[in-house]
Protein chains: 2
Amino acid sequence: MEASSLVLGGTVWMYCRLYRTVDRFRKPEILEAAKAGGAFLRKFARVSCGSSGQWKCAFCLTRDGKAVKIQRTIFSECFYIMAMDELSRVIGDEDMQLEAEQMMEQLICWVRVDSSGLGRPQLPGDVPANSMAVPMMLLCLVQQLTEGRGPEVIQKYRELASWCVQKILQHIQREGTAILENVSVEGAELPGCQGRLLNPGHALEAGWFLLQFSVEQKDEELQRTAINKFMELPYQYGWDKEHGGLFYFLDVDGHCPTQLEWSMKLWWPHCEALIAFLMAYSQTKKPELLERFSKVYEYTFSHFPDVQRGEWFGYLTQGGKVALDFKGGPFKGFFHVPRCLYMCERILDDMLANKD
Amino acid sequence: MEASSLVLGGTVWMYCRLYRTVDRFRKPEILEAAKAGGAFLRKFARVSCGSSGQWKCAFCLTRDGKAVKIQRTIFSECFYIMAMDELSRVIGDEDMQLEAEQMMEQLICWVRVDSSGLGRPQLPGDVPANSMAVPMMLLCLVQQLTEGRGPEVIQKYRELASWCVQKILQHIQREGTAILENVSVEGAELPGCQGRLLNPGHALEAGWFLLQFSVEQKDEELQRTAINKFMELPYQYGWDKEHGGLFYFLDVDGHCPTQLEWSMKLWWPHCEALIAFLMAYSQTKKPELLERFSKVYEYTFSHFPDVQRGEWFGYLTQGGKVALDFKGGPFKGFFHVPRCLYMCERILDDMLANKD
């Protein structure tokens, strides 16, 4: 009965991207669905907040467009920008594109200048931290907004992209042996279980974001770091040697994480791992990276797809049994699976075209 | 490195209650620990919020007392009141007792008059709901604040107690066959998975709150409802027939809940079930209620205690294996286990004293 703007934004983005770049998906029904979703988001998701006059995006909306919840984070806004930018490319709507960039400006301001517009009370013990999700999402948005655009747009976001990369690299900790999910804004390890948290799927996703960026920048050192640190490390500590699959959360000191779902196998870390290792292999041709891809592929395709009814399950027990049997939910929409298949197909097509 | 005010408030309450009412725990070190915890809470947990001048309690504090997070709910305040009232009884501090009652007044105002002081933005799609936790906690607080006090205090909270009972009874749905965790403020079923949610442990806890209240009020109909609806029903649908133990969450229509941890076996629902069935048996002497108690007892004591190192584990897989191996965490403190043992011991002592 309610729509998540993350799920809806991701869906609109994916429909548009497929329509725009993959011939067999250039179908009117896909475009119409994307336009309808985009119109809903544009009309209802943006909410003017309090006295600041700033815009926030609702995290959750009723079927008829009433805001249910506004999170005090940036993620609803990120998916809003993704959706609006990609849709504007498909339908050639410059106003919409401008709107996406305006929201991006506000988002940059919240992250880098003044977070008070997010609505969190300023508390003395609430020390700002560098959570991996924030620079990752911003880097993803920079790549979205600059793709195929002229040099002035690329120039506009160049410094932000460098800042994102630097913030992501701060998560390499423990003398280069672990990617910690949360660090201080100065890039030091945080105390307690928050500081010790590992999120292998997230590190792998950051890995292919960095790898993609390193190619555009022709930055070989960043390429090596993306592969050796953000892919190889989380694979080493994140893979369940007993049952296979990637853990959702771990503790760098081997303690038990406090997240109840830490040992579950979720679909999206496996999606990110597939993209990461195939992209890394396509760039380096190192056979061990293809082996990693194959191992993740085998686990993924023998556990997540619902062979009888189609689609993927999202949530397995540590042992690999389906723990939650729905195909779509508050955090599982038309995003990670199709993005994974789309990215892998593109990488494989490129390899075939280059006769590798 | 951080303290939860729920866990700390619960711990202070429990220490004081044991010190005050159980001879073998009337020890100076228990009193000193409780006083130290109470002083910390009183000094640091209350935070003046925004322009309203209202007090909120921080949900999370640093070791040196800085507020990290303030939730937009009432639960930190509830545990603050519990702790302060019980501590004031032990040390005879009337100011502290007054403070607890003042916080209670504000809490009642948030729940029944104006919730804006909680700090949630008023959103058109955010329709107020009746979540079981709220009237349950308030009824628990009424019982705490009125216990052993004079008729004027009891009179003061009489209407609130009736309101709480009525709000809890609204959760009996589906023609009396299920206790739904969330209903509308008018007492109707809510649409979607939020409306279909079952939380068996919570219903059982509400059951013994109601049962206790029904005895004080000599209300036999409420007594029957507490047992037949709030204990028997959640036991019937909440018990895992395959592996034993109570599920954490279920869906009344048999769909899969969206909570990733739905099938896990948590310690606290079992604590609440033990209290509920032993209390129900002691009042009715119906052998089937003793059988329920025995079944829960057997599962609980063969799965949760750590035989080698003491204390209970908190989180098991559906199959009954330890899933998270820590003894204390963000939501597991010195509260549910000792309250369960304390309540059961009291009930058993009373039965022995009455030569049942």
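Below are the figures for this structure:
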{"item": "About the Cα centre, charge dipole magnitude for chain A (Lys/Arg +1, Asp/Glu -1 at Cβ), debye", "result": "620 debye"}
{"item": "Charge dipole (debye, nearest 20) of the protein assembly as shown; +1 at Cβ of Lys and Arg, -1 at Cβ of Asp and Glu", "result": "20 debye"}
{"item": "Estimated FRET transfer efficiency (B:Glu32, B:Gln194; beta-carbon r; R0 41 Å; 0.05)", "result": "0.40"}
{"item": "Estimated inter-spin distance, B:Gln155 and A:Ser184, nm [label 7 Å along Cα→Cβ]", "result": "5.9 nm"}
{"item": "DSSP-loop chymotrypsin sites (Phe, Trp or Tyr not before Pro) across the range A:1-71, with at most 16 other Cβ within 10 angstrom", "result": "none"}
{"item": "Among A:Gln97, A:Gln122, A:Gln71, residue whose mean-square fluctuation peaks in a GNM of chain A (springs only between Cα atoms under 10 Å)", "result": "A:Gln122"}
{"item": "Centre separation in Å (Cα based) which lies between the range B:260-295 and the range B:299-352", "result": "13 Å"}
{"item": "Within 10 Å of each Cβ in A:72-80, the average number of Cβ atoms from other chains", "result": "0"}
{"item": "Kyte-Doolittle at least 0.0, axis length at least 15 Å by Cα - qualifying DSSP helices, chain A", "result": "A:5-21, A:28-40, A:75-91, A:133-146, A:200-216, A:267-284, A:336-353"}
{"item": "Calculated label separations, B:Pro330, copies of the chain, 7 Å along the beta-carbon direction, nm", "result": "1.4"}
{"item": "Candidates A:Pro269, A:Pro330, A:Pro28: whichever shows maximal mean-square fluctuation once chain A is modelled as a Gaussian network with Cα springs under 10 Å", "result": "A:Pro28"}
{"item": "Neighbouring partner chain Cβ atoms per residue of A:64-70, average, 10 Å criterion", "result": "4"}
{"item": "A from B by rotation - nearest chain B beta carbon to the axis, in Å", "result": "B:Glu261, 3"}
{"item": "Helical contribution to [θ] at 222 nm, DSSP H n ≥ 4, -39,500 (n - 2.57), averaged over chain A, rounded to 500", "result": "-17000 deg cm²/dmol"}
{"item": "Charge dipole (the range B:1-115, unit charges on Cβ, about Cα centre) - positive-most of B:Val90, B:Gly53, B:Val68", "result": "B:Val68"}
{"item": "Positive-end residue of B:Ser294, B:Ala280, B:Cys256, charge dipole of the range B:211-356 with Cβ unit charges", "result": "B:Ser294"}
{"item": "Using a 7 Å Cα-to-Cβ projection, B:Ala39 label spacings across copies, nm, ascending", "result": "6.7"}
{"item": "Mean separation of Cα contacts under 8 Å (6+ apart) over length of the range B:1-115, as relative contact order %", "result": "28 percent"}
{"item": "Calculated diffusion of chain B, Stokes-Einstein form, Kirkwood radius summed over Cα pairs, 10 °C and 1.306 mPa s, µm²/s", "result": "75 µm²/s"}
{"item": "Pairwise centroid distance, computed over Cα atoms, of the range B:9-67 with the range B:176-229, Å", "result": "30 Å"}
{"item": "Inter-copy label distances at A:Ala353 (7 Å, Cα→Cβ; nm, one decimal)", "result": "8.4"}
{"item": "Accessible area (Å², 1.4 Å probe, nearest 10) - A:Ser184", "result": "20 Å²"}
{"item": "Length-normalised contact order for chain A - Cα pairs under 8 Å, 6+ apart - percent", "result": "13 percent"}
{"item": "Inter-chain Cβ neighbour average for residues B:189-200, partner chain, 10 Å", "result": "1"}
{"item": "Among the listed pairs A:Lys167/A:Lys332; B:Lys229/B:Lys332; B:Lys241/B:Lys265, those beyond 20 Å (Cα-Cα)", "result": "A:Lys167/A:Lys332; B:Lys229/B:Lys332"}
{"item": "Top of A:Leu324, A:Leu87, A:Leu190 by mean-square fluctuation, Gaussian network on chain A, Cα under 10 Å", "result": "A:Leu324"}
{"item": "Cysteines without a disulfide-compatible neighbour (Cβ-Cβ under 4.7 Å), chain A", "result": "A:Cys16, A:Cys49, A:Cys57, A:Cys60, A:Cys78, A:Cys109, A:Cys140, A:Cys164, A:Cys193, A:Cys256, A:Cys344"}
{"item": "Size of electric dipole in the range B:221-356: Cβ of Lys, Arg +1 and of Asp, Glu -1, about Cα centre, debye, nearest 20", "result": "200 debye"}
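The values are calculated or read from the model by the stated rules, or taken from the named source; none is laboratory data. Since this is a predicted model, take the numbers as computed values, not measurements. Every residue, glycine as well, gets a Cβ built from its backbone with ideal geometry; the counts of neighbours run over all protein chains shown. Side chains are part of the model used for accessible areas, which takes the heavy atoms of the whole protein and leaves out ligands, DNA and RNA. Shrake-Rupley method; radii C 1.70, N 1.55, O 1.52, S 1.80 Å.
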